[in-house]
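For reference, the structure discussed in these notes is given below.
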Amino acid sequence: MPNFAIAIHGGAGTILRAAMTAEKEQAYKNGLAASLQAGYNILKNGGTSMDAVQAAVMAMENNPLFNAGVGAVFTHDAGHEQDACICDGKTKDVGAVAAVRHIASPITLARLVLEKSPHVLFAGDGAEKFAIDNGIVLVEESSFDTDERRKQLEFALAKEKKEAREHTQLDHSDDQNAKMGTVGAVAVDVHGNIAAATSTGGMTNKRHGRIGDTPLIGAGTYADNNTCAVSATGVGEYIMRAMVSYDIAALMEYKNMSLTEAAELVVMKKFKELGGSGGVIAIDRNGNIAMPFNSAGMYRGFMLADGTMKLRIFEE
Ligand code: ASP
């Protein structure tokens with residue numbers, strides 16, 4: 001049987017086991033399974049890893065449980081500014097968009113940037129103009145709203161106010177209001193090509209114009225057939241500073257590390273020691289998969305050519 005595989009994440013962050021009900025857990029797992037299946041079906045029919053990661057990410061953008069597309073977190077001003085990136089490991093082509101507010105599927109727009117533009121990354125109004133020029137219909141920003149995310153913003157704003165009033169830094173370690181999220185996919189296809197895609201609403205309560213790691217090649221997303229495809233999730237400010245995705249590839253290329261060794265070293269040591277919380281999914285051409293994270297949990301899963309599917313949220 002030809003070798004292909006896909007791995008996905010639905011975000012890392014403050015997912016405490018205590019706050020997870022059996023029902024919620026099942027809903028997340030169903031969402032992850034649907035995303036994996038969307039990508040798997042493409043790979044099984046000989047499709048490309050690029051199409052597979054895009055389809056897997058789109059499935060989560062359309063699912064309000066995940067922080068991308070519908071269900072994206074709110075900015076400080078109660079809006080939504082979304083980032084996305086897709087990387088082709090075969091050609092090293094990249095397409096990315098940042099801070100888009102009216103795009104139903106930011107990953108689809110990122111793919112269009114890759115295919116239809118000499119540029120790599122478009123932001124804000126320019127990204128939306130590029131979308132219109134390429135036949136994408138803009139949607140209302142409010143179409144991404146969910147009650148759950150609004151509660152999370154209210155919680156974060158109340159906490160911020162209290163901190164300012166009391167001139168204190170409150171303990172954020174037990175936040176139940178999962179500030180983070182992000183969805184991503186990496187895959188290898190039957191042709192031996194790898195790809196990575198990531199899409200996110202960013203961080204709850206982020207300021208207008210803040211861009212995270214997701215659309216930045218080598219930070220939140222990266223793919224090169226010679227090494228690996230990576231999609232990261234967690235606090236973007238640290239992922240950018242640690243150059244998480246490219247660092248994993250560089251350790252493989254220059255230090256001859258295996259995918260697992262490189263991903264573990266970066267996530268569990270370099271990124272963590274800088275103060276970063278989160279994780280990655282990574283894959284190489286041989287279908288090896290690594291999914292290390294240093295946060296309380298990370299929604300994740302993979303599916304292999306033989307149909308084996310594994311879904312996880314917390315540590316094994
Ligand atoms: N990395 C994303 C960002 O900082 C958020 C996340 O993954 O939870 O925008």
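Remark: pairs (first residue in region 55-68, touching a residue at least 24 places away in the same chain (Cβ under 8 Å) and part of a loop (DSSP other than H, G, I, E, B); second residue of a type in the set (D, E, K, R) and open to solvent by less than 60 Å² (accessible area, probe 1.4 Å); Cβ separation under 6 Å; 6+ apart in sequence or on different chains) = Ala68/Glu61.
Could we say that Ala55 is buried (at least 18 other Cβ atoms within 10 Å of the Cβ) and within 14 Å of the ligand (Cβ to nearest atom) here?
On the way: buried (at least 18 other Cβ atoms within 10 Å of the Cβ): yes; within 14 Å of the ligand (Cβ to nearest atom): no.
Against the criterion (buried (at least 18 other Cβ atoms within 10 Å of the Cβ) and within 14 Å of the ligand (Cβ to nearest atom)), Ala55 does not qualify.
If I filter region 267-282 for residues that are free of Cβ contacts under 8 Å to residues at least 40 places away in the same chain, within 17 Å of Val186 (Cα to Cα) and open to solvent by 10 Å² or more (accessible area, probe 1.4 Å), do I get at least one hit? Checked against the condition, which is being free of Cβ contacts under 8 Å to residues at least 40 places away in the same chain, within 17 Å of Val186 (Cα to Cα) and open to solvent by 10 Å² or more (accessible area, probe 1.4 Å), region 267-282 yields no hits at all. Return yes or no: is Gln26 out of contact with any Phe, Trp or Tyr (no Cβ under 7 Å at 6 or more places or on another chain), modelled with pLDDT under 95 and either open to solvent by 10 Å² or more (accessible area, probe 1.4 Å) or assigned to a loop (DSSP other than H, G, I, E, B) (or both)? Judged against the criteria, Gln26 is a match. Residue count for region 218-241 satisfying the condition of being touching a His at 6+ places or on another chain (Cβ under 7 Å) and within 14 Å of Asp88 (Cβ to Cβ): 1.
Can you name every residue in region 211-240 that is more than 7 Å from the ligand (Cβ to nearest atom) and of a type in the set (Val, Ile, Thr)? Across region 211-240, the qualifying residues are Ile211, Ile217, Thr221, Thr227, Val230. So which of Met309, Met298 ends up being within 20 Å of Glu25 (Cα to Cα) and open to solvent by 60 Å² or more (accessible area, probe 1.4 Å)? So the residue among Met309, Met298 that is within 20 Å of Glu25 (Cα to Cα) and open to solvent by 60 Å² or more (accessible area, probe 1.4 Å) is Met309.
The values are calculated or read from the model by the stated rules, or taken from the named source; none is laboratory data. Quick caveat, the model's predicted, so the values are computed rather than measured. Positions of Cβ are backbone-derived with ideal geometry, glycine not excepted, and every protein chain shown enters the neighbour counts. Ligands, DNA and RNA are excluded from the accessible area calculation, which covers all protein heavy atoms including side chains. Shrake-Rupley method; radii C 1.70, N 1.55, O 1.52, S 1.80 Å.
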